[in-house]
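Visitor: Pasting in a structure now, in structure tokens, and then I'll have a few things to ask.
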Amino acid sequence: QVQLVESGGGLVHTGGSLRLSCAASGSDFRINAMGWFRQAPGKQRELVAAIMSGGRTNYADSVKGRFTISRDNMKNTVYLQMDSLEPEDTAVYYCNTVSKGWRWGQGTQVTVSS
């Protein structure tokens, strides 16, 4: 069973930056399209960024131009660089395969104050 461990969240002011990391155990990491999801209070979990096994990326309109997803297949790790953060980005952030095929980790809290 793959384990996902997210880290890097915190409290920042509007306009600040954070870099999230997600480490995955197991040997299937490199062949999977990976995604960063977020869930704000009272809202459904949503996919905000995805990176294919070959490196192609996709972003939700709400984060396009501000967030950058990357991966290191040697380290079984996916990253999310978040710049120009806004209060609307406040949420718990999770990683998973784009198809949500693995067990969810504990997530990492991101709080953006205005």
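The values are calculated or read from the model by the stated rules, or taken from the named source; none is laboratory data. In this text, all values refer to a predicted model and were calculated from it rather than measured experimentally. Using ideal geometry, Cβ is built from the backbone for each residue, glycine included, and neighbour counts are taken over all protein chains shown. In case anyone asks, the SASA skips ligands and DNA or RNA and just uses the protein heavy atoms, side chains included. Shrake-Rupley method; radii C 1.70, N 1.55, O 1.52, S 1.80 Å.
Visitor: Can you give the extra length, in nm with one decimal, that the chain gains between Asn58 and Lys75 once fully stretched, where that is 0.36 nm per residue apart less the Cα-Cα distance?
Guide: Extra length available between Asn58 and Lys75 comes to 4.0 nm.
Visitor: Probe radius 1.4 Å, ligands and nucleic acids ignored: give me the carbon and sulfur share of the accessible area of the chain as a rounded percent.
Guide: On the chain, the fraction of accessible area on carbon and sulfur atoms equals 48 percent.
Visitor: Right, here's the next one. Given the options Ser84, Ser27, Ser70, which has the most mean-square fluctuation in a GNM of the chain, springs set between C-alpha atoms less than 10 angstrom apart?
Guide: Its mean-square fluctuation being the largest, the pick is Ser27.
Visitor: How much accessible area per residue does segment 1-100 have, in Å², with a 1.4 Å probe?
Guide: Spelled out: the 1.4 Å probe surface of segment 1-100, per residue, equals 52 Å².
Visitor: Show the residues, 5+ positions off or on another chain, whose built amide H is closer than 5 Å to the amide H of Cys95.
Guide: So Cys95 has HN proximity to Phe37, Gly105.
Visitor: In Å, the Kirkwood hydrodynamic radius of the chain over pairs of distinct alpha carbons?
Guide: 13.9 Å
Visitor: When we measure straight from the Cα of Lys100, which lysines land under 21 angstrom away, once same-chain ones fewer than 8 places off are left out?
Guide: Lys43, Lys75
Visitor: Share of antiparallel DSSP beta bridges in the chain, in percent to the nearest 5?
Guide: 90 percent
Visitor: Let me ask another. Within 10 Å, at most 11 other Cβ atoms, and a DSSP state outside H, G, I, E, B define an exposed site. Report the longest part of the chain free of exposed trypsin sites (Lys or Arg not before Pro).
Guide: Longest site-free region, per DSSP loop and neighbour criteria: 1-42.
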